[in-house]
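As structure tokens, the structure follows; a few thoughts come after it.
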Amino acid sequence: MRTVFIGVLALGLALAGFAVHMAQKYIGQTQAQLKKEQQLRVKTGPLVQVYAVNKPLNYGDPLTAADVQLVYVQESALPEGVFRSEEELFPNKGEKPRFVLRQIEKFETVLAVKVTEPGEAAGLTGMLAEGERAFTIRFDDTSGASRYLQPGNRVDVYWTGRMQDGQEMTQLIETTLAIIAVDRPASKDKEKAADSFAVPRAMTVAATPEQVARLAQAQATGQLSVSLVAQNDGTPSTERRRIEVDANTLLGIEQQVQAPVVMNKVCTVRTRKGAEVIEMPIPCTN
């Protein structure tokens, strides 16, 4: 009987020791995980909830409560113009809707610069600075970098046409024009990211009245194409050199200038013999 009691006691002590070991292991893992979370929170800082869209939206689309959701973002990394409450984003319960001014991708934070004020229609006038005008450049399917154009990009504009001598030439006519809108075909499936790179039908740029006149004349007399300018390109447009390329320049053909033909001077003397006049060559003294 005593042997059985001792055996049961030993088994109980072993089980208790194993339970204590497991509890200590679990507590240690929990404390380590908690410490790791605390260190991460110190690095990231507090998180706040802001509104983001739950699907891609294009220029001119209405922004409704069904298009947004709350997401957590680092408070230290918040951009200007975020919306933290539904009342800020949709005042008066959305009686006056907002519209999208720039393309917004899925889960992108809604910013004040990308949507209109409540009740304000999406338009281009609010994107123009004082003294600027909006001008639309038409495209075809072969217009270089036009597929990747987005509002906010800057572009150089090239004109290709025929000169008075009939020779075709390409010339840089405007530099670093700001794009304020891009007209792309309506997408059937907004969930496809590739649709955002559909070939645009046209783009609208901000320009001065003088630049608008040059672009209008260039578009009427030839074909316009554009090239994207780097975001960090700080070269002023006034310092960009004049660029002209024709077929001869492209192929490295140098036009031969014909030297003028020098005619040898001939001196003569006329002698009359009766009714006949005879002209005889003589050496020129000068």
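The values are calculated or read from the model by the stated rules, or taken from the named source; none is laboratory data. Bear in mind that the values here come from a model prediction, so they are computed numbers and not experimental data. A quick note on method: Cβ atoms are made from the backbone with ideal geometry, for glycine too, and the neighbour counts reach across all protein chains shown.
Observations on the model:
- Test: GLN69 is surrounded by 12 or more Cβ atoms within 10 Å (Cβ to Cβ) and assigned to a loop (DSSP other than H, G, I, E, B): no
- The numbered conditions (1) touching a strand residue (DSSP E or B) at 6+ places or on another chain (Cβ under 7 Å); (2) crowded, with 19+ Cβ neighbours inside 10 Å are all true for ILE173 except (2).
- Of all residues assigned to segment 78-95, at least one qualifies as being in a loop (DSSP other than H, G, I, E, B), over 30 Å from LEU40 (Cβ atoms) and not hydrophobic (A, V, I, L, M, F, W, C).
- Restricting attention to segment 74-103, the residues that are at pLDDT 90 or above and among the aliphatic types (A, V, I, L, M) add up to 2.
- Those residues of segment 35-65 which are among the hydrophobic types (A, V, I, L, M, F, W, C) and at pLDDT below 80, in sequence order: LEU40, VAL42
- Residue that is farthest from VAL68 (Cα to Cα), among those in segment 19-47 that are outside any helix (DSSP H, G or I) and either among the polar types (S, T, N, Q) or out of contact with any Phe, Trp or Tyr (no Cβ under 7 Å at 6 or more places or on another chain) (or both): GLY45
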